Amino acid sequence: MVDLDGNPAADGELEGGYTVPNELPLHTELFRRRPDVRAVVHAHPPRVVAADLAGLAVRPIVGAYDIPGTRLAANGVPVYPRGVLIRNRQLAAEMADAMETKPVVVLRGHGLTSAAETVEQAVLQAISVDSLAGLALQVTSAGGHLVDLPDADMAELPDLGGAFNTGTAWRHEIARLGEHS
Ligand SMILES: [Zn+2]
């Protein structure tokens, strides 16, 4: 509906009474920099914010519970350390620098940004990071310590392929939406 500078494509007005989001630059900066990125999700999940503020990095603490999420965590989820509203290109560039070529970056005191080739992938990555952050908070609240999955178990995890990792997982999330409506 808008170009990479936030200008409405059609004669200055957005359909449906929408306005351009304040944080559009964090989306467009990633589209500009990364040709692999076709979808960007930005959200404010409380568990992600809390886990980061508690000093808990997103780590591969589970295995078969969430295989794509475990792999994503094992490859590293960086943190952009400023709690700012990302409303201009300068701040978006800082965030993108912190993110490098990773799929997800945690934004301290703010939320997360997830980038992927499809909307489904970007959403599912964000859900995985939220889920891992929630588990990390639960484990530490119960007095436990976070331990990464052993290398031998990581090596044993199968890649179930895009049809399962994205297709089945996406249908599950859509079904959950139905339960809440
Ligand atoms: Zn935000």
So if a site counts as exposed when it's one of the GluC sites (Glu not before Pro), its DSSP state isn't H, G, I, E or B, and it has at most 16 other Cβ atoms within 10 Å, what's the longest stretch of the chain without one?
14-99
Residues in the stretch 136-173 that a label on Tyr65 would reach, taking backbone N under 15 Å of a point 7 Å out along Cα→Cβ
136-150, 154
Mean separation of Cα pairs under 8 Å and 6+ residues apart, divided by the residue count of the chain: what relative contact order is that in percent?
26
Accessible-area ranking of Met154, Met1, largest first, probe 1.4 Å
Met1, Met154
Mind ranking Leu177, Leu56, Leu146 by accessible surface for me, highest first, 1.4 Å probe?
Leu177, Leu146, Leu56
With springs only between Cα atoms under 10 Å, which of Gly17, Gly111, Gly143 fluctuates most in a Gaussian network model of the chain?
Gly17
Can you pull the one-decimal nm distance between simple spin-label points at Ala74 and Thr19, each 7 Å off the Cα toward Cβ?
4.6
Mean ellipticity per residue at 222 nm, deg cm²/dmol - from DSSP H runs of n ≥ 4 across the chain, formula -39500 (n - 2.57)
-13000 deg cm²/dmol
Tell me, what is the per residue accessible area of the stretch 20-180 in Å², probe radius 1.4 Å?
53
Separation of the stretch 105-143 and the stretch 1-73 by C-alpha centroid, Å?
11
If one compares the long axis through the Cα atoms of helix 89-99 with the longest principal axis of the Cα atoms of the chain, the angle in degrees, nearest 10, works out at 20
The percentage of the accessible area of the stretch 61-181 (probe 1.4 Å, all protein chains present) made up of carbon and sulfur atoms, to the nearest whole number, is 55
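The values are calculated or read from the model by the stated rules, or taken from the named source; none is laboratory data. What you see is a predicted model, and the numbers here were worked out from it, not measured in a lab. Cβ coordinates were reconstructed from backbone atoms using ideal geometry, including for glycine residues, and neighbour counts include every protein chain displayed. For the accessible areas, the whole protein counts, side chains as well, though only heavy atoms, and no ligand, DNA or RNA atoms are used. Shrake-Rupley method; radii C 1.70, N 1.55, O 1.52, S 1.80 Å.
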